[in-house]
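Student: Sharing a structure with you now.
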Amino acid sequence: ERVADELADIVAKIDDVRVIVFRDDIVFIKEGYVREVYKVMEEKYPDLLTIPKVGYAHVNTLRPKFARLLLDLGLNKILCGFESASPRILHLLKGGSVTVEQNRKAIGICNDLGLDIAGNFIIGTPDEEEEDVIATYEFIMEHLRSGAVKNISTSILTPFPGERYWDIYMEHEG
């Protein structure tokens, strides 16, 4: 209820809100939580549902029913961290929690519903080889050319303290 109340308060204070962007990548993980937010908006603030929204979603939780709920909530674009189209690199980055096939499936689910999906990719892991970069490039180009994904962003791996790649970086740069 608090999320809906805060959004309603923000919209009331700002003239001409055109889009709401959720920058937190865990907001849209649990379907039950999203369903509660939707119910509150539907009951108390139905106008909030008409404002376009953009938010992050995890491909391993994105099922057709859940994607439909996000669309009903007003999301018109989903951002997903696809990270890589190399199974080996994806496993290193995501610890085996996501597969390239799940990335493809998420794209298909969103396309079937008319929900835009954008993909974020990471390049430059110390373990990455030429074939890994080529696999990612081909995945990106396949989905851009087909129109299945309209926006792609790539970032160079940035290690942070406490992460596996931070230790590797510190050993190398030490």
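Student: Among the candidates 33, 38, 45, single out the residue that is farther than 29 Å from residue 120 by Cα and not hydrophobic (A, V, I, L, M, F, W, C).
Tutor: From the options 33, 38, 45, the qualifying one is 45.
Student: Right, something else. May I ask you to say which residue of 104, 145 is of a type outside the set (A, V, I, L, M), without any contact (Cβ under 8 Å) to a residue 12 or more places away in the chain and closer than 19 Å to residue 55 by Cα?
Tutor: 104
Student: Scan (1) under 30 Å from residue 37 (Cβ atoms); (2) touching a residue at least 24 places away in the same chain (Cβ under 8 Å); (3) not hydroxyl-bearing (Ser, Thr, Tyr) for the single condition residue 127 breaks and write down its number.
Tutor: Of (1) under 30 Å from residue 37 (Cβ atoms); (2) touching a residue at least 24 places away in the same chain (Cβ under 8 Å); (3) not hydroxyl-bearing (Ser, Thr, Tyr), only one is false for residue 127: (1).
Student: Restricted to region 5-42, and to residues that are of a type in the set (Lys, Arg) and more than 22 Å from the chain's Cα centre (by Cα), which residue is surrounded by the fewest Cβ atoms within 10 Å (Cβ to Cβ)?
Tutor: Filtering first and then ranking leaves 13.
Conditions tested, residue by residue: (1) of a type in the set (D, E, K, R); (2) at pLDDT 95 or above; (3) over 21 Å from residue 151 (Cβ atoms).
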position	(1), (2), (3)
31	yes, no, yes
34	no, no, yes
42	yes, yes, yes
56	no, no, no
64	no, yes, yes
69	no, yes, yes
107	no, yes, no
121	no, yes, no
127	yes, no, yes
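The values are calculated or read from the model by the stated rules, or taken from the named source; none is laboratory data. This is a predicted model, so every value here is computed, not measured. Cβ coordinates were reconstructed from backbone atoms using ideal geometry, including for glycine residues, and neighbour counts include every protein chain displayed.
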